[in-house]
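Working notes for the structure below.
The values are calculated or read from the model by the stated rules, or taken from the named source; none is laboratory data. From a predicted model like this one, the values you see are computed outputs, not experimental measurements. Quick note on the areas: whole protein, heavy atoms, side chains included, nothing else; ligands and nucleic acids left out. Shrake-Rupley method; radii C 1.70, N 1.55, O 1.52, S 1.80 Å.
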Amino acid sequence: MCQHQPPCPSADSADREAARLVAHHPEQGWSLLCNGVLLFEDTGELLPDGQIIAPHRPLAAGTVMTAA
């Protein structure tokens with residue numbers, strides 16, 4: 001699917017999120033990457049084969065909030 005040189009990472013590689021944007025719809029909360037991955041604003045992903053990748057937001061050190 002990718003015509004870039006060097007080619008973008010494939011949908012099954014660990015760095016698949018580094019692929020170039022084909023379509024970006026922040027108002028709807030999703031982006032399409034050139035490797036066919038749908039990337040959602042909550043960091044979840046839908047791969048071209050239908051596999052779902054659960055959201056995986058990293059917790060930065062020192063940013064954990066507690067209720068008052």
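Is it true that Ala14 is open to solvent by 90 Å² or more (accessible area, probe 1.4 Å), at pLDDT below 90 and in a loop (DSSP other than H, G, I, E, B)? If you could, list the steps in order and put the result at the bottom.
Details: open to solvent by 90 Å² or more (accessible area, probe 1.4 Å): yes; at pLDDT below 90: no; in a loop (DSSP other than H, G, I, E, B): yes.
Here the answer is no, as Ala14 does not meet what is asked.
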Output the residues belonging to the range 21-41 that are more than 19 Å from Ser10 (Cα to Cα), more than 9 Å from the chain's Cα centre (by Cα) and in a loop (DSSP other than H, G, I, E, B). Pro26, Glu27, Gln28, Gly29
Could you run through the range 42-57 and say how many residues are outside any strand (DSSP E or B), open to solvent by 60 Å² or more (accessible area, probe 1.4 Å) and under 14 Å from Ala11 (Cα atoms)? 3
